[in-house]
Amino acid sequence: MRPLDTSIERTLPFGSDKKLRKKFMIIDKEIPGNIRWGRLLEKLDKLAEDIALDYVHEFEPEGRVVTAAVDDIALHTPADITKDVYLRARINYVGRTSMEVGIRVDQDKEAEHSLAACYFTMVARKGEGDKAESLPIPSLEYESEIEERRYNDAIERRQKYQQQINALEEPPSTEEYQMLRELHKAQEKDDFKGLLAGEQIRNSVERMYPDLENVPHKIFGGYVIRRAYELALIQAEEIMPDRPIFVRVNRINFLQPIRIGDKLDFTSRIVYTGDTSMTLEIDIERTSMDKVTKALSNTCVFTFVNVDEDLNPRPVPGVYPTTYAEDERYLKAHRRRIEHHQKEHQKS
């Protein structure tokens, strides 16, 4: 089977379906970029699951799949809620037990650049509970030039992510140390009016109910990341003087399955600000109903940009780290930003 044979296309008919359009609107007014990306993330996760599950069922009817990570969803242009959205997905890469599902989001199929590009890592599993185990799956056949390129790009993304993790753990360079030092010195001035990172933390708690079940006894991951996104957006709205719009999912990791009855504790932090942008990290901790199990289930990193009514970028107030942990989060976000700018420069 080739990647082409795994393709799935779905349409969100916003142009003709007013009820659907309303479900995805931020507000009931005509504004640019009036689309709930949190709800769209939910749809994308479900599509990635469906395409991966179809492939696994070709070889193991009892197999199932879980989302392991969402890697770098970049919004290339604001969406128009009055136009249909096309989701085109296929499997780019199959490893021993995992797959990368690539999804292109468009409103104009003929456009050179997509509305957004998304990459989901899915893992094949078999069994339930303590008996669940990884499920080896056959590889795809990569015959065309574009299939081979996407396969190699998927491998490169995996390698770069690991390299990024290693790089993020490196101690500050002289330049980075000076940057952090200036941020600390600024807080000592009598006229300091910046935002302290330690005060930019929000929490939300939610119970997981049976209607959110996806696979047996497990909660749908797409719903969880939608809730994380919505919390991050609301917090960004509190700080940004104009309007925050989503520009990037830097990374979402699924570390543990969430079960029916779990209590989820969402902790959102503003960890970094650029001239017009803001990065927020959300940790999600699950506590079982019997209070026996407590563990980190998800980590999410989102970036928003502050814009005016015409979507022109506007300045944001600076956030200043104080503690070692805040310095570390700030520095990691700064390094991700530098790496992103380097990638964009290479493309151009």
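In order along the range 58-65, the phi-based Karplus estimate (6.51 cos²θ - 1.76 cosθ + 1.60, θ = phi - 60°) of 3J(HN,Hα) comes to 5, 10, 9, x, 8, x, 9, 10 Hz; Gly and Pro are listed as x. Share of carbon and sulfur in the accessible area of the chain stands at 47%, probe radius 1.4 Å.
For the range 242-258, the Karplus equation 6.51 cos²θ - 1.76 cosθ + 1.60, evaluated at θ = phi - 60°, returns couplings of 10, 9, x, 10, 6, 10, 6, 9, 5, 5, 10, 10, 9, 9, 9, x, 9 Hz by residue, with Gly and Pro reported as x. Using a probe of 1.4 angstrom and keeping all protein chains present, the accessible surface of the chain works out to 53 square angstrom per residue.
Restricting the range 144-219 to GluC sites (Glu not before Pro) that sit in a DSSP loop and have at most 16 other Cβ atoms within 10 Å of their own Cβ leaves E169, E188. Compared with the direct C-alpha span, the chain from S134 to I201 gains 20.5 nm at full extension, assuming 0.36 nm per residue. Over the residues of the chain, the helix contribution to mean residue ellipticity at 222 nm works out to -10500 deg cm²/dmol, using -39500 (n - 2.57) for each DSSP H run of at least 4. Over the range 87-163, Cα pairs under 8 Å with separation of 6+ residues give a relative contact order of 28 percent. Computed packing ranks the peptides 190-197, 66-73, 21-28, 299-306 as 299-306, 66-73, 21-28, 190-197, most packed first, by mean other Cβ atoms within 10 Å. Between H184 and Q164, residue separation times 0.36 nm minus the direct Cα-Cα distance comes to 4.6 nm.
Projecting the Cα positions of G63, N253, M289 onto the charge dipole of the chain (unit charges on Cβ atoms of Lys, Arg, Asp and Glu, taken about the Cα centre) puts M289 furthest along the positive direction.
The phi torsions of the range 183-198, fed into the Karplus equation with coefficients 6.51, -1.76 and 1.60 and a -60° offset, translate into couplings of 5, 6, 5, 4, 6, 8, 6, 5, 9, 5, 10, x, 9, 7, 4, x Hz, rounded to whole numbers, with Gly and Pro shown as x. The relative contact order of the chain, computed from alpha carbon pairs under 8 Å that lie at least 6 residues apart in sequence, is 16 percent. Distance from the C-alpha centroid of the range 279-300 to that of the range 18-73: 22 Å, rounded to the whole angstrom. Residues considered: R251, R149, R202. Largest GNM mean-square fluctuation over the chain, using C-alpha springs under 10 Å, is found at R149.
Given the range 12-92, report the % of alpha carbon pairs whose separation exceeds 23 Å. Of all Cα-Cα distances in the range 12-92, 34 percent exceed 23 Å. The share of C-alpha pairs in the chain whose separation exceeds 40 Å stands at 13 percent.
The values are calculated or read from the model by the stated rules, or taken from the named source; none is laboratory data. This is a predicted model, so every value here is computed, not measured. In this analysis, Cβ positions are derived from the backbone assuming ideal geometry, glycine residues included, and neighbour counts consider all displayed protein chains. Accessible surface is based on the protein model in full, side chains and every heavy atom, while ligands, DNA and RNA are left aside. Shrake-Rupley method; radii C 1.70, N 1.55, O 1.52, S 1.80 Å.
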